[in-house]
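Below is one structure, written out as structure tokens, with a few remarks after it.
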Amino acid sequence: MINTMIKKEFRECLFESKGLWMVFSTAVLLSILSIVVVNIKEGSVLAQTDILQYAMKAIFFLTFIVSLVLGASSFVSEREENTMESLLLTPVSKEMLTFSKYVGVLLIGCAILAISMPYLVAIGLGTQFVGTSVILTLFIGGILELSFVAIAVAFSILFQSSKASILTSILVLILVFMPGMMSGLLKQSVIGRILLRMDPIANAFDMMKAVLSDQLPIHEQLVHLPSLVIFLIIAFIFLCWAGGKVSLKGEK
Amino acid sequence: MRKLLYIFSVMSICLLSTQVVIAADTTQKIDQTITTATTNQPKSDSEIQVEIISPKKIDSSPVYDGTIDIKVKNNTHQTISNMGCYLTIVDVGRNQTYPVDEFGENAYQTRTIEKLIPEEAVTIQIPVHILYVGQFRFTASVIAYDTNQIYTGAALPVTITAVSNLQKQVVIGTSVVMPILLLGIGVGIWKRRKEN
Amino acid sequence: MIRTKDVNKIYKNGFHAVNNLNLKVGYSDIFGFLGPNGAGKTTTIRMLDGLLTPSSGEIKIGGWDIQENPLEIKRMIGVVPESHGYYSWMTAREYLEYFSDLFRNGEKQDDYIQELLENVGLSDRQDSLISQFSRGMKQRLGIAKALVNQPKIIFLDEPTLGLDPNGQREIQQLLKSINQEKRITIFITSHQLKDIEVLCNKVCIVKAGELIEQGSIPQLQEKYMPGYTIEMQTSANLNLLHILQGIPKIERVFLGEEGQIVIVMEKGREENFYTKMKHDIIAQCMSAGIDIETIRKKKLSMEDIFFRATREENQEK
């Protein structure tokens, strides 16, 4: 039964929610970015390892945005299309329903990570960091993908409209990304430094920089893992709590 | 008669002393004038001498990590207090400056020099972390906050050459092939559904 | 098959949607649940299918308590909700297979699905996308989906809403055949009184959350008919009117809206009495030389029953 449900959710994300086009658009965007970086003058300012890091950040951002949009509309679209009632009338439990939607969206995110690998390999060729960058992208991207999809699906259970659900999910993404993007500024204050220690994206970026730019061994960067793992745990708890609240629109 | 001679002597001594003082003052002013003229042409021999003593030049590839040692000397006869020492970076090839924080976490902060007594010199160390590729000039400057004077030393030539093996053809090839491949897969799936 | 006892539903905002509902639906009944808008029909059906929890009271479906055995009840019921959405990117067959998998835990029943598609008249469109279906086709697909788990009861909330007369008739015939062939109990909510009249053998009328009437249609017709009524169309209705006014056992005789003779006799008498009275009336016509065109016993329509029941309820209040 669970296989049937996951397969249906995956197909729904792909066809109904335009997931297929989102995957294609991601590839087009990555292509454009890659071509721009290798051709513009300013691109040559950067070392290859830097370009690799920027590529990884772009892959993360695109993967998470697509996954968030699909996840945030997973339950809400069922309510809006009036198909939720039929689902709730089956013997399937709310938890199983939540899990199947979660995995369905996750598979799309994994597909995007997979299609990003050729770009990463192409950019990294010639350095000693191809394998490392692929492993880092899959590892860090995987943990963050698991977390963001959980948050997005949870919001889709709690909100009544897809607009609210999607916007809130994207807001969370921006809030979590922001410290990592403003690390130079935040480092100057105590509160900023605490925020940077806690933020999973900032820690992910630090890990990437340490391994690729500063060429430090990966195993020494495990100190950056706790914030990622804690973020994942919080996201799962949120999803489990929200899963119990699956209901029809209007039922209190 | 004696009284007249006495008065004449005193007046002469006074006049002579005045001349000596005036002569000495004039000499000092000339010296100062020379000193000021030297400072306005931003090189050494100024009140504050700023010199990058180490390294003499940087010729490397990314990532370069090093420390720039800057000697700051008070060439005046007065104690100068409340100064700040800092780096500026110019990209020769691109005709632009860079924000110094892009060249190291601690490179952009000014180093405070509390005071320098006459002829005293201190060495300031600023660590740099160079990622970018290009031709740069690093200049060290000292600002005296009390007088708002800036003293700059000779620039340090920095050449960072890319050791980039970025394979442009492979990247462009991948960028072209991937979307086409995915489009083909997408169209194939759509056609199969339509046939069904 | 369905039994409710003092069921109440009060929403959190204080709205009392259902008030002390006591329903009884027998095996293989086609039960009509009537009421105006806002009467609590959809709330009731959602409580019966387990989507809503009653505030108080007891609901038993097929002997199972709905609070204690929700899974067992889900397996034995099928539901066609009022606002029924479909996965428009699926084909009809894929849609039924999906729900079949959910109910049967992956066990395939391809033959049964084929049979269902044939029964609802969609076998030639089984590989078409649902997005291409008309409203009537979607409704038939919804009924097929409700039957995919081989239920004992199906609940339909306004099944013919928005359908044209042909579509309505198709649905009516489909439901009748399901009931007759598979002996499935059917619970329909509607305010389309014609549907109820054609399909149902028992009805229940609710208003503002309260049950005001329940019973078989003949019982309700009997109850709300003022007396045993015969309608006649003759060649000389006025003459016959004068003649019949003199007959003592006839309570009232008058001309109806369409000019027909309406004869009202005391109700509750034996059938022989009414047969004898009819013969007397016919004899009177023959002796007066009046030709009888039609003569029939008048039955109340569901519309009449509904309006009389709700009017009486208002008067009582």
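The values are calculated or read from the model by the stated rules, or taken from the named source; none is laboratory data. No experiment lies behind these values; they were computed from the predicted model shown. Positions of Cβ are generated from backbone atoms using ideal geometry, with glycine treated the same way; all protein chains shown enter the neighbour counts.
If you go through the stretch B:61-81 and keep only what is closer than 30 Å to A:Gln48 by Cα and exposed (fewer than 15 other Cβ atoms within 10 Å of the Cβ), you end up with B:Ser61, B:Asp65, B:Thr67. Would you pick out the residues in the stretch C:18-49 that are small (Gly, Ala, Ser), surrounded by fewer than 22 Cβ atoms within 10 Å (Cβ to Cβ) and within 21 Å of C:Phe306 (Cβ to Cβ)? Residue satisfying the conditions is C:Gly38 alone.
Going by the conditions given, is A:Leu97 under 26 Å from C:Ile130 (Cα atoms) and without any contact (Cβ under 8 Å) to a residue 40 or more places away in the chain?
Numbers: under 26 Å from C:Ile130 (Cα atoms): yes; without any contact (Cβ under 8 Å) to a residue 40 or more places away in the chain: no.
In short, no.
Counting just the residues of the stretch A:202-252 that are within 16 Å of A:Ser133 (Cα to Cα) and among the β-branched types (Val, Ile, Thr), which one comes out surrounded by the most Cβ atoms within 10 Å (Cβ to Cβ)? Restricting to residues being within 16 Å of A:Ser133 (Cα to Cα) and among the β-branched types (Val, Ile, Thr), the top hit is A:Val211.
I'd like the full set of residues that are in a helix (DSSP H, G or I) and touching a residue at least 40 places away in the same chain (Cβ under 8 Å), limited to the stretch C:111-136. C:Asn119, C:Ile130, C:Ser131, listed by residue number. Counting the residues of the stretch A:13-27 that are out of contact with any Gly (no Cβ under 7 Å at 6 or more places or on another chain), part of a helix (DSSP H, G or I) and of a type outside the set (Gly, Ala, Ser) gives 7. Of note, A:Tyr54 satisfies the criterion of being touching a residue at least 12 places away in the same chain (Cβ under 8 Å), within 14 Å of chain B (Cβ to nearest Cβ) and aromatic (Phe, Trp, Tyr).
Taking the listed residues A:Ser147, A:Ser156, A:Ser227, the one that is under 14 Å from the mean Cα position of the chain (by Cα) and assigned to a helix (DSSP H, G or I) is A:Ser147, with no other qualifying. Could you go through the stretch C:258-275 and let me know if any residue there is more than 30 Å from C:Ile196 (Cβ to Cβ), without any contact (Cβ under 8 Å) to a residue 40 or more places away in the chain, buried (at least 18 other Cβ atoms within 10 Å of the Cβ) and out of contact with any Pro (no Cβ under 7 Å at 6 or more places or on another chain). Within the stretch C:258-275, not a single residue is more than 30 Å from C:Ile196 (Cβ to Cβ), without any contact (Cβ under 8 Å) to a residue 40 or more places away in the chain, buried (at least 18 other Cβ atoms within 10 Å of the Cβ) and out of contact with any Pro (no Cβ under 7 Å at 6 or more places or on another chain).
Of the set (1) of a type in the set (S, T, N, Q); (2) surrounded by fewer than 18 Cβ atoms within 10 Å (Cβ to Cβ); (3) in a helix (DSSP H, G or I), all apply to C:Gln139 but (2). Filter the stretch A:79-123 for residues that are surrounded by fewer than 20 Cβ atoms within 10 Å (Cβ to Cβ), more than 9 Å from every other protein chain (Cβ to nearest Cβ) and among the charged types (D, E, K, R) and give the result. If the condition is that a residue be surrounded by fewer than 20 Cβ atoms within 10 Å (Cβ to Cβ), more than 9 Å from every other protein chain (Cβ to nearest Cβ) and among the charged types (D, E, K, R), then A:Lys94, A:Glu95 are the ones that fit. Counting the residues of the stretch B:106-119 that are surrounded by fewer than 13 Cβ atoms within 10 Å (Cβ to Cβ) and over 17 Å from the mean Cα position of the chain (by Cα) gives 5. With respect to C:Pro36, determine if the residue is within 18 Å of the chain's Cα centre (by Cα), assigned to a loop (DSSP other than H, G, I, E, B) and within 21 Å of C:Ala208 (Cβ to Cβ). It is true that C:Pro36 is within 18 Å of the chain's Cα centre (by Cα), assigned to a loop (DSSP other than H, G, I, E, B) and within 21 Å of C:Ala208 (Cβ to Cβ). On the stretch given as the stretch C:82-93, residues that are farther than 20 Å from A:Leu88 by Cβ and either among the acidic types (Asp, Glu) or more than 9 Å from chain A (Cβ to nearest Cβ) (or both) total 3. Residues in the stretch C:173-196 that are in a helix (DSSP H, G or I) and surrounded by fewer than 18 Cβ atoms within 10 Å (Cβ to Cβ): C:Gln173, C:Lys176, C:Ser177, C:Gln180, C:Glu181, C:Lys182, C:Lys194.
From the list B:Val171, B:Val128, the lone residue that is buried (at least 17 other Cβ atoms within 10 Å of the Cβ), touching a residue at least 24 places away in the same chain (Cβ under 8 Å) and not polar (S, T, N, Q) is B:Val128. You will find that of A:Gly126, A:Gly184, the residue that is within 14 Å of chain B (Cβ to nearest Cβ) and at positive phi is A:Gly126 and no other.
Return the residue satisfying two criteria in turn: it lies in the stretch B:142-180 and is within 7 Å of chain A (Cβ to nearest Cβ) and not in a helix (DSSP H, G or I), and of such residues it is modelled with the lowest pLDDT. Only one residue tops the list, namely B:Ser164. Please work out which residue is farthest from C:Gly136 (Cα to Cα), limiting yourself to the stretch C:75-98 and to residues that are touching a Ser or Thr at 6+ places or on another chain (Cβ under 7 Å), of a type outside the set (A, V, I, L, M) and not in a loop (DSSP other than H, G, I, E, B). The extreme case among them is C:Tyr98.
Condition test on A:Ile32, is it facing another protein chain (nearest Cβ under 8 Å), free of Cβ contacts under 8 Å to residues at least 40 places away in the same chain, under 27 Å from A:Leu173 (Cα atoms) and not charged (D, E, K, R)? The answer is yes for A:Ile32. All conditions but one from (1) surrounded by fewer than 20 Cβ atoms within 10 Å (Cβ to Cβ); (2) within 22 Å of C:Gly142 (Cβ to Cβ) apply to C:Ile61; the one that does not is (1). Taken over the stretch C:1-24, the criterion of being under 19 Å from C:Ile77 (Cβ atoms), modelled with pLDDT of 85 or more and not in a strand (DSSP E or B) is satisfied by C:Leu23 alone. If you go through the stretch B:93-141 and pick out every residue that is within 14 Å of another protein chain (Cβ to nearest Cβ), more than 21 Å from B:Ser54 (Cβ to Cβ) and charged (D, E, K, R), you end up with 3.
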